[in-house]
Amino acid sequence: MIQLTDFTIQDPVQKKMTDNPSMIIMHYTAENFNSPHQFFLNGQKNNGIIAHYIIDSDENGTINKYLKDNYIGKHAGISYYNGMDNLNQYSIGIENVNYGFSRNDKGGGVLLNDEMFYYDFPESQINSLINLTKELIDLYSIKPFNIVGHSDIAISFGRKEDPGPLFPWEKLAKEQGIGLWYNLSLTGNEFKEIDRIINSLSEKEKLSFFVNKLMEFGYGNPDLVSDSTRERPYQIKHTSDSNIIDKNTLFLIQSYNMHYRPDKGVSSSIDAKDFEIVHSLNIMKNITQYNDLSLTQLKDLYNTDDKNHDYLVSHEIQYQKIDDSINLLF
């Protein structure tokens with residue numbers, strides 16, 4: 001059992017989930033309030049914003065629990081991922097105390113794209129996060145593709161960007177088996193024919209194809225916008241406004257980049273490698289959907305340099321052929 005400070009109350013005002021949680025959503029606090037602990041305690045008592053856990057950035061990486069795992073928090077907001085919306089109903093929210101980003105360095109910031117300073121997550125905090133996440137995965141059999149960031153699920157331009165480009169997604173996956181990651185050595189052979197087709201497309205068609213593959217992986221359609229009201233919170237709808245779609249498309253790609261291409265900083269650009277990455281991600285999602293792999297097996301899957309057929313057959317891993325058609329959205 002992990003060590004934590006338990007602030008949960010016996011009779012919370014929040015409602016219970018209809019089933020066990022099936023997702024974990026990672027956040028940073030952004031610390032735009034003086035006391036994150038008091039903020040979530042107030043949310044707990046007043047049915048306001050509340051995540052299930054908050055992990056301090058102190059030398060101990062103290063884990064604080066505010067809401068029982070099977071109660072509906074208010075941390076995901078208006079959201080969509082992997083065919084589901086209003087993800088508060090299905091997810092555990094983990095907040096990490098972190099500045100997020102700022103125009104002026106608050107101390108130890110990393111300047112990205114010559115624009116904003118972003119802040120690393122201390123090792124003590126990440127170690128606590130690893131221990132907590134492993135326990136939650138074990139308790140609720142959470143699939144790796146359902147461990148995501150707030151930016152991965154927050155629809156519409158201008159919404160949440162946490163946990164940001166410095167969150168160690170690759171480290172968590174390759175060293176711990178936590179979350180989904182790609183392996184181009186494992187999946188490269190299957191990409192060769194698709195790559196030839198992609199090279200024949202116009203730049204606009206390439207963008208459309210790439211967004212389509214992000215949607216197949218789980219990201220929301222860029223034409224989704226908020227339709228939320230006080231009476232019907234967290235609702236979404238489709239829009240026909242192409243200007244909004246353009247902004248949302250760039251935000252969608254930025255969210256993908258912060259998770260899977262942090263080497264770009266905070267960017268809405270794509271390059272040739274991204275087509276191979278999203279193809280690999282779809283294969284990895286397929287594999288983890290049809291096989292109950294341990295964290296050790298997942299770690300090996302992300303790190304092996306064997307070719308796909310030999311590795312999957314030798315490890316008795318089932319694999320359903322994914323859709324490799326060239327679909328264009330716009």
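The values are calculated or read from the model by the stated rules, or taken from the named source; none is laboratory data. Just so we're clear, the structure is a prediction, and the values are computed from it rather than from any experiment. Because the Cβ atoms are built from the backbone with ideal geometry, glycine has one as well, and the counts that use them run over all protein chains shown.
General remarks:
- Take the conditions (1) in contact with a Leu (Cβ under 6 Å, 6 or more places away or on another chain); (2) touching a residue at least 60 places away in the same chain (Cβ under 8 Å); (3) outside any loop (DSSP other than H, G, I, E, B); E135 misses just one of them, which is (1).
- The number of residues in region 78-113 being part of a loop (DSSP other than H, G, I, E, B) and closer than 22 Å to F7 by Cβ comes to 2.
- Taking region 240-282 as the range and being surrounded by 18 or more Cβ atoms within 10 Å (Cβ to Cβ), in a helix (DSSP H, G or I) and among the β-branched types (V, I, T) as the test, the residues that pass are I245, T249, I253, I277, V278.
- The listed residues are L166, L112, and the only one of them that is touching an Asp or Glu at 6+ places or on another chain (Cβ under 6 Å), farther than 24 Å from P21 by Cβ and either of a type in the set (A, V, I, L, M) or assigned by TED's automatic domain parsing to the domain that holds N257 (or both) turns out to be L166.
- With respect to the conditions (1) surrounded by 15 or more Cβ atoms within 10 Å (Cβ to Cβ); (2) farther than 21 Å from Y118 by Cβ; (3) not small (G, A, S), N60 lacks only one, and its number is (1).
- Screening K204 on (1) crowded, with 20+ Cβ neighbours inside 10 Å; (2) part of a helix (DSSP H, G or I) shows it passes everything except condition (1).
- Complete set of residues in region 180-200 that are hydrophobic (A, V, I, L, M, F, W, C), surrounded by 15 or more Cβ atoms within 10 Å (Cβ to Cβ) and under 30 Å from I244 (Cβ atoms): L180, I194, I198
- Residue in region 49-57 that is among the polar types (S, T, N, Q), buried (at least 16 other Cβ atoms within 10 Å of the Cβ) and either touching a residue at least 60 places away in the same chain (Cβ under 8 Å) or not assigned by TED's automatic domain parsing to the domain that holds N212 (or both) present: yes
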